Structure formats: C-alpha cells, structure tokens
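A short write-up of the structure that comes next.
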Amino acid sequence: MSSHITMMHQLLQKRWIKWPLIVLGSFFLVFIIFYGSIYFGFWGKIPSKNELSSLKQAEATQVLDKDNRLIGKYFVYDRQPIVYEDLPKHLIDALIATEDVRFYEHDGVDNVSLLRVFFKTILFRDKSSGGGSTITLQLVKNIFGRKDYGAFSIVVNKLKESIIAKRIEDIYSKEEVLTQYFNTVPFPDNTYGIESASQKFFNKSTKELTLSEACTLIGSLKANHSYNPRLFPERSQLRRDVVLQQMTKYEYITQDVSDRIMNQNIVLDYQYFNHDLGLAPYFREEVKKELNEILKKYKKADSSVYDIYKDGLIIHTTLDYKMQSLAEEVMKEHLQSLQKTYEKEYGKKAPWKINTNLIDNALKQLPIYQKYKEQGLSQKQITDSFSIKREMELFDWQGNITKKVSTRDSLQHYLKFLNSGMIAIDPSNGAVRAYLGGIDYRYFKYDHVSQSKRQVGSTFKPFVYTAAIENGMKPCTYFPLKEVTYTNLKDWTPKNASEEKDPYLNYNLETALSNSVNTIAVKVIGEVGIPKVFDQIKKMGITEELPDQPSIALGTAGIKIKELAGAYASYANNSKGVRPFYITRIEDKQGNIIASFEPEISEEPAFSDYTRQVILEMMKSTVDKGTATRLRTTYGLKNDIAGKTGTTQDNKDGWFVGITPKLVTVTWVGNDNYAIGFKTTAQGQGANSALPIFGKLYQKMNENPDFDTITKSSFEKTSNNVLEDLDCQPEKRDNFLKRLFSKKKRKKKFKNR
C-alpha cells in the first residue's frame, strides 16, 4: 500500500500531471461553489417542492355557446388546460420522439448534455452550445421563464431549471409532467397549451387530433413563428414530416404510415379567438362587460377578486354557434351587395364625396379632435395634422386595402359604409341565439344592438295598434286613408310612403298595419291616446323615455334593438315581454358554479290573449300580403311567420322584425352617420335593406335539420272569435254623400284621447 502511495506522490510531483489536476480541481470547486450559489438562491429564489406542488398558470376564460361549443376566449395568454386522458397516444409519441426520446428513463435532466452546456459556454464562450433540454426542463422554462444574468444567463438559467426539474419529477408522475407540459407549451400565434392550439388551428379538441395534425403542432414547437402552419404552410409541412420520420425511427409508427401521411397536405380550419376576430365579437364584448359587473359581487376562496383574463373561468352563454355562423354569413352577403347598389345610386354626387361640411362635422366628433382642442391647438394646426398621410389598413368588402391616407381620407372612406345590427332571441325566455352588432368589429367597434338608439320607424306601429285593441277598438274599425293637416301641431301633415290612392278609401286596422299606412297610424294613436300607448309599451318591457308627440306612431323615437326584440317577444310568449340575456352560468376552472341566471320574464301579461292573437294575425298579413311579401315571393319561405317592416324619414333606417313561434329576430340597416340616408325609398325601405338578412337566414336554416324545432314550428290555432272579428272587407269606399261633402284634404286638431 505504501508503495502505491509513494508512486502517486511521485506522479503528482510531475508538472504535466500536477497542474492539469490543479486546474481541473479548481474548476470543479468553482462549479460546486457556483452551483451552490444558485441552489441557495443567490441568483434568485428557487421554488420549493411545496410551492411546486400547486403550480399555477394564467388560464384563458372560455366562452361557450348553448351546446358547450367554444366561441371565444378572454386571455392575456391563450391557454386552455386539459387532462392526461384527453391526450391521444400519437400526440405523446410525436412529442417524445422529437423532443426527448429518453423521457421515461431520466429524472428530468440529461446530465451529459448539461455538462456540455456548462463547459462549452464558460470555457469556450460558445453561445450555440444549447441542447440537452428535456421535456421536464422545457416545462420549467414554460412556467417560470428566464431572466437575464448577463454573460452567465444561459448557465444560470439552465442550472436553475435543472434543480426545479428534478424537484418536479420527485413530486409528479411522468403522466402529470406531460400533462403540465402540454398545458403550458407555447404554440404559434400567441397560443399556449395544446387544447388552445388544437381549437385554433384545427377547430377541434385535442383528443380528436389526427396523426398529421398532432405532428404539425409538435413540429411547430421548434420555432413557433418559422413553423407556423397558417403563415408558412410549406415549411410547416416539411417540419411535420421530420416529426413523422422521428416517430418512424423510434418505431412509434411504421414506414408505410409515415409515407402515407407525408403524401397528405396540412389542412387547417383556423379559428380566430382574439378579441377583434372570430365568431360573434360584438356578442363576446357585450358578455365581457356584463361579466365584469357580475363578478364584482363574487370572490374567490382566498377573498381575492376574479380575473377573467387569468382565472380560466367557463362562461356558458345562450348563443347558438351554428345560427350565429349563418347570421354572420348572410349579413355579409347582403350588405356587400347592398353597398354596391347604394354607392351606384349616389354616383359622383355622394355626400361623402362632395359635402365638405359633412366631413368637417364628422371630424369634430372624433376623440382626437377634442384632445387637440384641449391642448390648445388652433383650427389650422388641427386641420394640418388631419392631412398628414400614413400607411393604414382600410376596410373594404372586396378585401381590405393598405395605402397611405390621412385621417381625413380615412374618415371620408368610412362615411360611405352601411352598417347593420341584428338580434335573434328565444321569445319564451329571452335567450339570445344570434347577435350581430355591426359589419366588422375590427373597424366598427360601435355595437348597434346594445348601444345604438335609432328611430324604429314603422316597427313601432304594432304597439299603437296593440294599445288600441287592448282598449276596446274593434279590428274592423275603419279609418280614412286621406292625409290630414293638424293645425295644433304646426300644420303637421303625415304622409304615406307611396302616393295617395283613392282619397275616399278607408282601411280596416289589419289592412292599415300590414300596408304600414302612416296616416292611419296617427289617427289610431289620436283615438286611443298617447298615454295609453306609453303605458302599453312599458308593460311590454320598453323602458326608454319617449317624446310625448303623435309622431311617435311613426317610430320617430330611438329604441335599442335588444329592447325592441324583448317587447316583440310578447306576441309569441303569451303576451309577456322578455329581457334578452346572454349568460346562463359562470363556473371556475374546476367546474364549480360561481353564479347561474334565470330568464327575466314579465310576471303579468302586457295585454290580453285576444289582443295578442289579433295583432299576430295582422302581422301575419304583413308577410302574406303586405309590405313583407317578398319573404314569400323572393325568398320562398313557407314557415309560419309574422312580421313588420320599418323605414324612417328620408330613408335613414331600414328595419324588419320577424316573428316565428320559437324565434324573434330584429334586423336594422343604415349609415352610422345620421346625416346620410339611402338615396331612394326603393333601396332604403326596410323590406329591401333589412328584411333580406332575415329571409336569407331562414333559407339557410330551412336547409339544416338542426333547426327543425324552430323552422318547422307552428303558431297556435287562432280562436274563432278573433277570426270572426277580423272577417271584414279590407277596405271600403265612402258613399256618394260623404264624398260629395268631404274635401280631398282636411284640416283638424289632433286629439290625444
């Protein structure tokens, strides 16, 4: 033994052995000290096993439709967690074959690779050394990110990650590590977690991913941007094939399977879940506003407030995904066509082209104008700033365009566009099934369903007639068609949309309403009295303060679309109005119910069953032989439908309300700038501007058996006494003596009885 010690001592005395050992020992000592400084938190605290046992990540709040289909999210990071059982085997195999083939063998760290990183980075300053990152190490990086430690950043971060990775593998099983990884790993387009990526790129849940789709997503992990299948499909496909080759190499799949998949192109079904794009953006924004108010009343178990962007809430809504998709489709189809006709009618003399005052006034309404005024800028300075051109993307139905324009140019461009609003509700409870706040949320943020109060035109007339019938007027009461000048209303002379026919004609109430006769609507409100009409609409759920003027009979007051829909629901809901609602239930990420909501339905009927049936029959006549007949002729609809068209003065607003037994739909079309209307009534009337959205929607719904419960529903049988009371000549002519002694136009005072 002593001889061996002596030999060792002699060897150490030799310089070519002594100094390398000293250097090696020094480096080892430095590494131990360096590692210890990281382990004990000199470079920042390392989470303990106890802290790691409850890993928390910001999770996106999911917005679901009535059938639990995802329609949108609220998030900072688009993350939507799932459980291990939802991960298909070929997805896990693809990940392991590509990222960490020894995953089931190591304890979270590949020590050989880690040492390589340390020595290459420290000794040789090789910044490309990298490598050696296991799935567990990547999980740590996904959760905790990396900090900047200057020249030591790579080494410090790698060693910190290795310590945490080993602790994680001590706490969690391999299945749990994989689940955590798939729930946190970043994918292209600011998407975090496999479920969010699957929904976004392929419009399906993770468990439904095909082998090709799974390999596409796994392939994108190497470089989120470079292998984004939406932006670079060819590059992404080549990367997918690399993943397939790795799976073949490690015998997860056969060569035949790999070859077959590699011959297939990647097919995306991309879904936009950001705030401005995707399905129902106006609806999602309205839900978010309501959600923020609701959650003020509720606290988490630790007494902190809920954060819709981080707490992974699940919001169950009333929306029907399929109906919403169809509604958006038909609205775009109709508005695109209508816009062409609209611009063609105006031609070179369009107000947005020649009316400088119109443009100047619109500029003064911009928030930036008010800000400049507050800063003390002169009118010339403001005008000059609005004339500076810059690159800007502009909305256009033929495809968005990018060009250099000034603020003034941009405003002039947007002044020409017609906009739209639509809501469809279940009349039995007010559940909103479809919701269109405008034509494109990216460029038109104003919501015409919940924010806008436009004049409702002739859609107000059924309320007047409802009050009349409810207060004893008989359906076969006749009123003269002729115009009347009301001397006590500054010689106001209500006129009809079409030229006056035979001045001696009288219409009964059904004919007057179905043909939307203005002169008779004013006479009816004068007969029943404005106060009784106001009392009637209040019972139906309209809360707006309306002007106490007889012109209200012609719909000169502004009412929100959703409130109008709630009132019209009473005609299909046993005379009870409803309040449209969006949210049915709010759950936390574990599925525990935070709050649930019941429909708000009027406790008492707003009018008698007799009145309801009479008005419903009158509005059926509107569709069958009145102003909405194109539903039968042009669109060929055979459904049970009642409805009412509406057009406001100077063709500023076009309306249609469609009532079927299980759906009430309100559509509006007009220009956001109230100074601009349609050039002609032929184009601007509700039957042409708004009704087609309803007509096209029902055409598509009729073709889809999923909507049979709505489209094939029938109105209840009308009672015999109602039919008898409506059984009279639609019109009658004054007799000879009455014609002899009456004038073509009469003047009288308006009597508000």
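Some points to look at:
- Close amide H contacts of GLY278 (hydrogens built in the peptide plane, cut-off under 5 Å, sequence separation of 5 or more or a different chain): TYR272.
- About the Cα centre, charge dipole magnitude for region 420-737 (Lys/Arg +1, Asp/Glu -1 at Cβ), debye: 680 debye
- The percentage of C-alpha pairs in region 420-737 whose separation is greater than 36 Å is 15%.
- Computed from backbone phi with θ = phi - 60° and the Karplus coefficients 6.51, -1.76 and 1.60, the 3J(HN,Hα) list for region 670-685 is x, 8, 4, 8, 5, 6, 10, x, 6, 6, 10, 5, 4, 8, x, 4 Hz; x is used for glycine and proline.
- Residue order, fewest to most beta carbons within 10 Å, for LYS644, LYS66, LYS461: LYS66, LYS461, LYS644
- For region 238-248, the Karplus equation 6.51 cos²θ - 1.76 cosθ + 1.60, evaluated at θ = phi - 60°, returns couplings of 4, 5, 4, 5, 5, 4, 4, 5, 5, 5, 5 Hz by residue, with Gly and Pro reported as x.
- Kirkwood hydrodynamic radius of the chain, from the reciprocal of the average inverse Cα-Cα distance over all distinct pairs: 31.1 Å.
- Degrees separating the helix 518-528 axis from the principal Cα axis of the chain, which is the longest one: 80 degrees
- Sorted fewest first by neighbouring Cβ atoms within 10 angstrom, PHE182, PHE694 come out as PHE182, PHE694.
- Where the Cα pairs of region 352-482 fall when distances are cut into 10 Å bins, in %: 9, 25, 26, 18, 13, 8, 2
- Flagged links, alpha-carbon separation over 32 Å, of LYS222/LYS445; LYS353/LYS373; LYS344/LYS495: LYS222/LYS445
- TYR441, TYR104 arranged by Cβ crowding within 10 Å, fewest neighbours leading: TYR104, TYR441
- 13 Å beta-carbon shell around GLU175, net charge (K/R +1, D/E -1): -2
- A straight line joining the Cα centroids of region 574-617 and region 678-700 runs 28 Å.
- Cut-off under 5 Å, modelled amide H: who pairs with GLY541 long-range: none
- Taking amide hydrogens as placed 1.01 Å from N in the peptide plane, the amide H of PHE750 sits under 5 Å from those of THR487, ASN488, LEU489, each at least 5 positions away in sequence or on another chain.
- Annotation: cysteines of the chain without a disulfide-compatible partner (Cβ-Cβ under 4.7 angstrom) are CYS215.
- Its DSSP H runs of at least 4 residues, each contributing -39,500 (n - 2.57), put the calculated 222 nm mean residue ellipticity of the chain at -13000 deg cm²/dmol, to the nearest 500.
- Computed 3J(HN,Hα) for region 482-497, one whole-Hz value per residue from the Karplus formula 6.51 cos²θ - 1.76 cosθ + 1.60 where θ = phi - 60°, is 4, 6, 10, 9, 9, 5, 8, 10, 6, 6, 5, 10, x, 10, 8, 4, glycine and proline marked x.
- Folded to 0 to 90 degrees: helix 135-144 orientation relative to the chain principal axis, Cα: 60 degrees
- The equivalent ellipsoid of region 439-550 has semi-axes of 28, 18, 14 Å, largest first, where each one is the square root of 5 times an eigenvalue of the Cα gyration tensor.
- In terms of packing, defined here as the mean over residues of other Cβ atoms within 10 angstrom, the peptides 248-258, 218-228, 661-671, 389-399 line up highest first as 661-671, 218-228, 248-258, 389-399.
Just so you know, all these numbers are worked out from the coordinates, no wet-lab data involved. Everything quoted here is computed from the prediction, not taken from an experiment. Here Cβ is always computed from backbone atoms with ideal geometry, including for glycine, and neighbour counts include all displayed protein chains.
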